[in-house]
Each structure stands twice: as structure tokens, then as C-alpha cells.
Amino acid sequence: MKALSIYAAWSQLLILVFFVFSLSGCNSEHQEQTVAEPLPPLPVQVITAESSTPLRQVEIMGSIRAAQSASIAARVSGNITSLPVTLGSRVKKDDTLITIGAEEITAKLNQAQAQLEQVKRNLKREQNLLKKNAATPESVRTLEESLKISEAAYKEVKTMLGYTTIKAPFDGVITQKPANVGDLATPGKLLLQLESEASLQVIADIPETLVLGLTLGDQLPVSIEAAGLNITGRITEIAPTADPQSRTAPIKLDIQADPKIRSGQFVRISLPSTRGEAIMIPTRAIRPFGQLDRVFVIDNGTARMQLVKTGLQDDDRIEILGGLSAGDQVVVSDTTELSDGRQIIIE
């Protein structure tokens, strides 16, 4: 019984000590919480978000074309007997490109020449007889008219014979060659395509909403990805009407020739455009947060974190599509001490 009494007394003593230490720990934790002081206000710089009409760049697709080109076709029918050029050949003005067989035309020319010589002899004889009063003035006039008709016929056939030899109308390069020696050339059938390398143009279809903002002589940035070039083109032509189907109007821009630039290459043209109002803020105000963008706005002297949706960037400003309203004060100070709920002082 005595042992049980001693054991009970020790148990009560241990419980009392544990209780005292528990109260002491709680008291200490409470004191630590009451001792912590709030962070001092943080000086920051702010800007007021304003709605503006930013200048945007709109990209239009286009193609490069030679400013001077010619579709070479025959004016007379006949088999091609000579074709001294190949695809990619560079030719000079008046170089022979194609020769067409002209046996029939040559025969007609010989016939017209013989008839012309005959009429000339007859006219000379009648004129001599008229001097001797052995012919009438009417017969002489008739032969004079026949002479004019024969001369016109001879000239016509001679001109047609000239069409059998096709020459280059200007310096250039052969870009298409669908014809070969022995093919039948007929009027209007494409035989060769000749393009000048001296001057190039960019042709593009511009939406009707943007073409009104362009004028002749405007300089536009042109990007040629295949050649790795970024150049400038000058507008030389603007269509006065728009296509009712596509609602676009074609324009032409002159560009400087370069060995890397070839006809048919794809280009991108940058057009200045203004579309609607937007809220623009400095890019330094954006604070990336994972895959999101955030800013800090001022609310009654306190910084509040606000997630935003960004758009196009223009130099040192960025477009805000959502999350801000005009008139909001946005923190632009580059500081890592700023946090949600922190008291601030506007510098």
C-alpha cells in the first residue's frame, strides 16, 4: 500500500511539471507573435494606364516579278527550225531567239516581187506609148493603181517573212521555254518567256481597309525569306478599284535588283495599321509568373497583384488585352521586395 501511494504521488508530480512546461511554451509562442512588426512601406514608381491607339504592323504576302517581261509568240504558222537559246540563257536586245520555216512565205514573196516587176514594165511601156499618142491616159492611170496594189502586196509578204525570225526585244533572261526545234508555231502560242533582270517589282493584294492609307512613293519594308534579305520597296502603282470577290486591291513596289533575288520568290510586306484602342504599359511593369503575366496595381496605398493578358509589343511598351482598365495605377519599379498586400509609398 505504501508503494502504491509513492507511485501515485510521483505520477501527479510528473503531470504537474508537463502542464507547467506546456503553458510556458504557449506563452513564449504568443510573445513571439506579438513581437513581429509589419514591413515598412516600400517606395515605388507608378504609371497610370491609359487607353491609346497603337500603331500595328500588318504583314501582307506578295510575289516578285520582273518589271519588264515579254511572252514570245509567233505571228505566222510554221515549224521551228532554229532555237539557239535554253532555259536560263541571257540574251541581248536583237539577238535571234527563234527561226520558223518560211518556204510558203518565201514563195509568196517571190510571186509578189515578180508581179510588181511586171506591173512596172507595163506602166513604163504605156507611159512611152502615151507620149506617142499610142495609149490613153486611162490605161496609164489603171497601171499606176495596179503598181500601188502590187507594191502593197509585196511589202505585206516581206513583212510576214520578217516574222519568221523572232528577236529579243530587250536584254534579259529566258525564264520559260515550252517550245523545241520541230514544234509547230502558231499565232498566239507561247514559245519563250523573257524577263529583264535590271528592274524587279513586288506585286501584292492589299485589303481594302488598308489600301486607302497608302500613297504613291511610300516606302514599305519587304522581307524575302528565301534570299535572307530585308529591303525597302517604293510603291509605284495602286489599283484605283478593289476586287469585289476578295475585297483587295493590287499594288506594285519597285525594289533594287540583287543576285539573290529571283522572279517568283515569296515576300512579306509590312504595312502600318491602326486597329481600335488598347491599353499600353511599359514592358518593365510585367512580372512573369510561370506561364502567366502579372502586374502590381495600387489600391488605397497597398500593392495588389493582378494577372493580365498581354498582346503585341511595340518597342518598350506592351499591349494589355485583359486585367487592367484605363486609370489603374501600375507599379513600374524593378524591385523584388514587392509582394501582394505590401504597403507602398509612391515616389
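Across the range 75-134, the number of residues qualifying as small (Gly, Ala, Ser) and either in contact with a Pro (Cβ under 9 Å, 6 or more places away or on another chain) or not assigned by TED's automatic domain parsing to the domain that holds GLU156 (or both) comes to 1. Residue-level check: of (1) small (Gly, Ala, Ser); (2) surrounded by 13 or more Cβ atoms within 10 Å (Cβ to Cβ); (3) without any contact (Cβ under 8 Å) to a residue 12 or more places away in the chain, ALA107 misses just (2).
Considered as a group, the residues in the range 312-329 that are over 26 Å from ILE345 (Cα atoms) and in contact with a Pro (Cβ under 9 Å, 6 or more places away or on another chain) include one that is surrounded by the fewest Cβ atoms within 10 Å (Cβ to Cβ), and that residue is LEU312.
Among the residues of the range 307-347, what is the count of those that are in contact (Cβ under 8 Å) with a residue 60 or more places away in the chain and on the phi > 0 side of the Ramachandran plot? Going through the range 307-347 one residue at a time, the tally reaches 1. Within the range 48-59, identify whether any single residue is of a type in the set (Ser, Thr, Tyr) and part of a loop (DSSP other than H, G, I, E, B), and answer yes or no. Looking through the range 48-59, at least one residue is of a type in the set (Ser, Thr, Tyr) and part of a loop (DSSP other than H, G, I, E, B). Number of residues in the range 113-139 that are buried (at least 16 other Cβ atoms within 10 Å of the Cβ), in a helix (DSSP H, G or I) and in contact with an Asp or Glu (Cβ under 8 Å, 6 or more places away or on another chain) equals 2. Mind listing just one residue for me: the one in the range 312-341 that is assigned to a strand (DSSP E or B) and charged (D, E, K, R) and, of those, nearest to VAL44 (Cα to Cα)? Ranking the qualifying residues of the range 312-341, first place goes to ARG317. In the condition set (1) modelled with pLDDT under 90; (2) farther than 30 Å from ARG65 by Cα, SER273 is compliant with all but (2). State all residues of the range 71-94 that are within 38 Å of the chain's Cα centre (by Cα), assigned to a loop (DSSP other than H, G, I, E, B) and under 22 Å from LYS158 (Cβ atoms); if no residue qualifies, say none. Residues satisfying the conditions are ARG75, ASP94.
The values are calculated or read from the model by the stated rules, or taken from the named source; none is laboratory data. None of these values were measured; they are calculated from a predicted model. Using ideal geometry, Cβ is built from the backbone for each residue, glycine included, and neighbour counts are taken over all protein chains shown.
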